[in-house]
Amino acid sequence: MTKPHFKKLFGALVATSIQFGTLGFAFADTTILNVSYDPTRELYKAYDEAFVAHWKAETGETVTIQQSHGGSGAQARAVIDGLDADVVTLALEGDINAIVTKSKKINPDWRKKFENNSAPYTSTIIFLVRKGNPKGIKDWSDLVKDGVQVITPNPKTSGGARWNYLAAWAYANANDGGDEAKNKEFVGKLYANAPVLDTGARGSTVTFAQKGIGDVLIGWENDAYLALNEFGADNFEIVYPPTSILAEPPVAIVDANVDAKGTRKVAEAYLGWLYSKEAQTIIAKNHYRPAKPELVDAADIPKTPEIKLISIDDPLFGGWKKAQPYHFGDGGIFDQIYKPAQ
Amino acid sequence: MADPVIKSYEPHHESRSAAVTESRPVQLLLMAVAFAFLAIFLLLPLIIVFHEALAKGFGAYTESLSNPDTRSAIRLTLLVAAIAVPLNVVFGISAAWAIAKFEFKGKAFLTTLIDLPFSVSPVISGLVYVLLFGAQGLFGEWLRAHGIQILFAVPGIVLATVFVTFPFVARELIPLMQEQGNGDEEAALSLGANGWQTFWYVTLPNVKWGLLYGVLLCNARSMGEFGAVSVVSGHIRGLTNTMPLHVEILYNEYNAVGAFAVASLLAGLALVTLVLKTLLEMRYGAEIAATRGH
């Protein structure tokens, strides 16, 4: 190889870098970024499409919605660290409160901004078991039996996992007369049956459905139906326990960011339209529970068994501001009961 | 004159070969172990990647690669590599030059520092940039006031990639340049070449193979980096997802074909790198051996 060859190589490298450097990204009229949690990918994919069409029809403007998905806690952390979200649609109130207190980018009274405490949809926690339910799992008490492997994510990193934990806690509390020591023992046994704690709800679903680990998955109602659709009803069955938790995943405008970018109008419309008939129908079809079911045709709401749902605002938990540090903070109840498998 | 040389050589050779020559079965066993190991841990996973990617036919494969989000992930990965690799070439040559050809205080420290990215977990490499450029970070306020977005955008991804890949070029060049010493350069200078001419016509041709190896390795890693990039990416679909991040996202969406299609591109890139390296070695084997010294 002679010197000119080498020069050519060098020249090509430089030329390539210049070419790619000028590519850049094309932006539509307005772009807003929705930072969301893991299981909402399919929901927001459908909703974004509908909203873009709605906004175009209403105002004539073209809006582009960007999506970012991940574990709810990790996503909140990214927004605190400067991820330029216009709106956040997270798994629980505690994660939005973290943005409020740690970065002050969201007004403290964000819950009053939209109806139903800014939760346009609710969900609950149910079980997914293998076809034929070989371990006969019907209720929370079946999860602590010997030889049952439970798949649930880590409540330290996953919003969904915290709902799972609280649902188990609520069951235990109702069945042992409110004795906290017994609650701890029950939930401790449940986590002793968990061979692995994934960092996010979607990771747990993949562990259970795709990797074939465990006898029962505790997870989001919508994620269970999605897994059922993806992997076929001949592989799995959904089990509704008689009691569970009422999960209210909230939405909020990231005030500091929309004011800096001048996107407040479209961001507010984006979240506000979640309460419309069209959006509530999309929500129902994606196996979330619409906040305004009266707007949705009865045929579009999936039939689910009636089960008792306990709210986070129940005196048992006293809301997220109390429950978060008490159960999931450093040295909280979860830290006391969970011992990783040896 | 010839006799004594042979005599002194023979016994040495005999004793050496007796010590290293295992019996035939042992040789076969060792080879079988090596091949089986490679087949199970390297070849099989690679085949599975392509098998999964083509599980639903070639049409589904090309279709998943033409998805806009996938295309943008491919574009971003190429862009990041196209910035990070040239930067590391410049840095690698300067660092290797300084360390191999000059004596200065802090040289040992500089050498150790270059190795840092090898010993630091990529997640930490990413978090370092969050601490520096994040909204709560050291420069966060200043960057925001000046409307500069580094984290969760292309600059942050490039920075994280440069960080994890910067030892590759320097590490290839330093031993090479040290071994070659200053002789050729001194000769060139004494014959009247200026500094630039010395570099371009003497030093660079001497190290070109090492440099090329470094560039290949650097490029492969910068396209494949996951951990550090994941921390600084923000995971915005179609904007800040590189190919490795996009593979994870598609997999978590139960889109196995899409995930493995992108994975097969990355694997294909690795194969191209390997083939390129082998071809160069075959074609210029003697020359490489001469300049690399081994």
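The values are calculated or read from the model by the stated rules, or taken from the named source; none is laboratory data. Just so you know, these numbers come straight off a predicted model, no measurement behind them. Note that we place each Cβ from the backbone using ideal geometry, even for glycine, and neighbour counts take in every protein chain shown. Heavy atoms of the whole protein, side chains included, go into the accessibility calculation; ligands, DNA and RNA do not. Shrake-Rupley method; radii C 1.70, N 1.55, O 1.52, S 1.80 Å.
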As an exercise, find the ratio Rg/Rh for region A:221-342 from alpha-carbon atoms, using the Kirkwood inverse-distance average for Rh. 1.05
Accessible area of the protein assembly as shown divided out per residue, in Å², using a probe of 1.4 angstrom: 47 Å²
What list of ³J(HN,Hα) values in whole Hz, one per residue of region B:91-102 in order, does the Karplus curve 6.51 cos²θ - 1.76 cosθ + 1.60 (θ = phi - 60°) give from phi, with Gly and Pro shown as x? 4, x, 5, 4, 5, 5, 4, 4, 6, 7, 9, 10
Aspartates and glutamates with Cα under 19 Å of residue A:105, excluding same-chain neighbours fewer than 8 positions away: A:81, A:84, A:86, A:93, A:95, A:255, A:259, A:268, B:141
Convert each backbone phi in region B:151-159 into a coupling constant with the Karplus relation 6.51 cos²θ - 1.76 cosθ + 1.60 (shift: θ = phi - 60°), then list the ³J(HN,Hα) values in order as whole Hz, x for Gly and Pro. 6, 6, 8, 4, x, x, 5, 5, 4
How big is the gap, in Å, between the Cα center of region A:270-342 and the Cα center of region A:147-193? 16 Å
Dipole of region A:18-139, positive end: most advanced residue of A:83, A:129, A:30 [Cβ charges, Cα centre]: A:129
Would you please give the residues with an amide H less than 5 Å from that of residue A:236, counting only those at least 5 places away or on a separate chain, with H modeled from the backbone geometry? A:131
Restricting to the protein assembly as shown, compute how many DSSP beta bridges are antiparallel as a %, nearest 5. 50 percent
Can you give the FRET efficiency for residue B:52 and residue B:75, using 1/(1 + (r/R0)^6), R0 = 30 Å, r = Cβ-Cβ distance, to the nearest 0.05? 0.80
With all protein chains present, how much of the accessible area of the protein assembly as shown (probe radius 1.4 Å) comes from carbon and sulfur, to the nearest whole percent? 62 percent
Rounded to the nearest 500, the 222 nm mean residue ellipticity computed for the protein assembly as shown from DSSP H runs (n ≥ 4, each -39500 (n - 2.57)) alone is -18500 deg cm²/dmol
Just tell me which lysines come within less than 28 Å, Cα to Cα, of residue B:56; anything on the same chain fewer than 8 places away is out. A:45, A:131, A:211, A:285
Accessible surface buried once B binds A (1.4 Å probe; total of both sides; Å²): 3400 Å²
Taking 20 Å as the cut-off for C-alpha to C-alpha distance, list the pairs among A:135/A:308; B:208/B:277; A:102/A:265 that go past it. A:135/A:308; A:102/A:265
Please check region B:191-209 for residues whose accessible area, probe 1.4 Å, is lower by 10 Å² or more when all protein chains are in place than in their chain alone. B:200, B:201, B:204, B:205, B:208, B:209
Which trypsin sites (Lys or Arg not before Pro) does region A:271-342 hold that lie in a coil by DSSP with at most 12 other beta carbons within 10 Å? A:303
1.4 Å probe, heavy atoms, protein only - residues of region A:51-86 losing at least 40 Å² accessible area vs chain alone: A:66, A:67, A:81, A:83
What list of ³J(HN,Hα) couplings, whole Hz, do you get for region A:73-80 from phi and the Karplus terms 6.51, -1.76, 1.60, once you set θ to phi - 60° and write x for glycine and proline? x, 5, 5, 4, 4, 4, 5, 4
Counting only other residues whose beta carbon sits under 14 Å from that of residue A:178, what net charge do I get with K and R as +1, D and E as -1? -3
Dipole in debye (nearest 20) - region A:95-215, about Cα centre, beta carbon charges: Lys, Arg +1; Asp, Glu -1: 520 debye
Taking H placed 1.01 Å from N in the peptide plane, check which residues at least 5 places from residue A:215 or on another chain put their amide H under 5 Å from its amide H. A:149, A:150, A:151
